[in-house]
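Below you'll find the structure, written out as structure tokens, and then a few comments.
The values are calculated or read from the model by the stated rules, or taken from the named source; none is laboratory data. These figures come from a predicted structure and were not determined experimentally. We place every Cβ from the backbone using ideal geometry, glycine too, and count neighbours over all the protein chains shown. Please note that ligands, DNA and RNA were not included when accessible areas were found on the heavy atoms of the full protein model with its side chains. Shrake-Rupley method; radii C 1.70, N 1.55, O 1.52, S 1.80 Å.
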Amino acid sequence: QVRLVESGGGLVQPGESLRLSCAASSGTLENLAIGWFRQAPGKEREGISCISSSDGVTRYADSVKGRFTISRDNAKNTAYLQMHSLQPDDTAGYYCAAGIADVARRGCTYGMDYWGKGTMVIVSA
């Protein structure tokens, strides 16, 4: 079974940056797509980015495009979300997921089978 653990969340001021990590504590991410999702208080879960298993195809939600970058390091069994220019609207619990999602054809919504427990990001002045 693939077990995912997010880290790197915290409290930052508007305009600052954070890098989130998603490490597989068991299992391998090598053959799986990886996605990042977030859920803010009172709002539904939003898929914000994902990356394919092998060919480097990435997707971004309009809300984060140009500010966030997803990457992966299969040798470390870890994925990352680099976040710049954070704003209060980015405040949410951030979750990583992995699965057989076909990122190139279907995006981030479908085929994410394994989920972490999340890490909190708070952006406040």
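For the chain, DSSP calls about 95 percent of its internal beta bridges antiparallel.
Can you work out the accessible area per residue across region 25-125, with the rest of the protein chains kept in place, probe 1.4 Å, in square angstrom? Please list the in-between numbers first.
Working: 5400 Å² over 101 residues.
Per-residue accessible area for region 25-125 comes out at 54 Å².
Suppose we look only past 25 Å in the calculated P(r) of the chain. What percent of the Cα-Cα pairs does that tail hold? Value for the chain (Cα pairs over 25 Å): 16 percent.
GluC sites (Glu not before Pro) within region 1-68: which are DSSP loop residues with at most 11 other Cβ atoms inside 10 Å? Each step should come with its number before you reach the end.
Values: sites: E6, E16, E30, E44, E46; in loops: E16, E30, E44.
For GluC sites (Glu not before Pro) across region 1-68 that sit outside H, G, I, E and B with at most 11 neighbouring Cβ atoms in 10 Å, the list reads E44.
Expressed as a whole percent, how much of the Cα-Cα distance distribution for region 5-62 exceeds 12 Å? Write down the numbers at each step before the final one.
Numbers: 1256 of 1653 pairs.
Percentage above 12 Å: 76.
Computed with a 1.4 Å probe over protein heavy atoms only, the accessible area of T28 comes to about 70 Å². Projected label points at S26 and Q87, each 7 Å from Cα along the beta carbon direction, are separated by 4.1 nanometres. Only the Cβ atoms of Lys and Arg (+1) and of Asp and Glu (-1) were treated as charged; on that basis the dipole of the chain about its Cα centre amounts to roughly 60 debye. From its DSSP helices (H runs of at least four residues, each -39,500 (n - 2.57)), the chain gives a residue-normalised ellipticity at 222 nm of -500 deg cm²/dmol.
Please sort by residue number the trypsin sites (Lys or Arg not before Pro) in region 1-87 whose DSSP state is loop and whose Cβ has at most 10 other Cβ atoms within 10 Å. Here the sparse-neighbourhood loop sites are K43.
Tell me, how many Å apart are the Cα centres for region 26-103 and for region 1-19? If we compute the Cα centre of each part, the gap is 11 Å. At q = 0.22, 0.27 Å⁻¹, what log₁₀ I(q)/I(0) does a Debye calculation on the Cα points of region 65-125 give, no solvent, two decimals? Treating every Cα as an identical point scatterer, log10 I(q)/I(0) equals -1.13, -1.29. Taking each residue as 0.36 nm, the span from D62 to V5 lengthens on full extension beyond its C-alpha to C-alpha distance by 18.0 nm.
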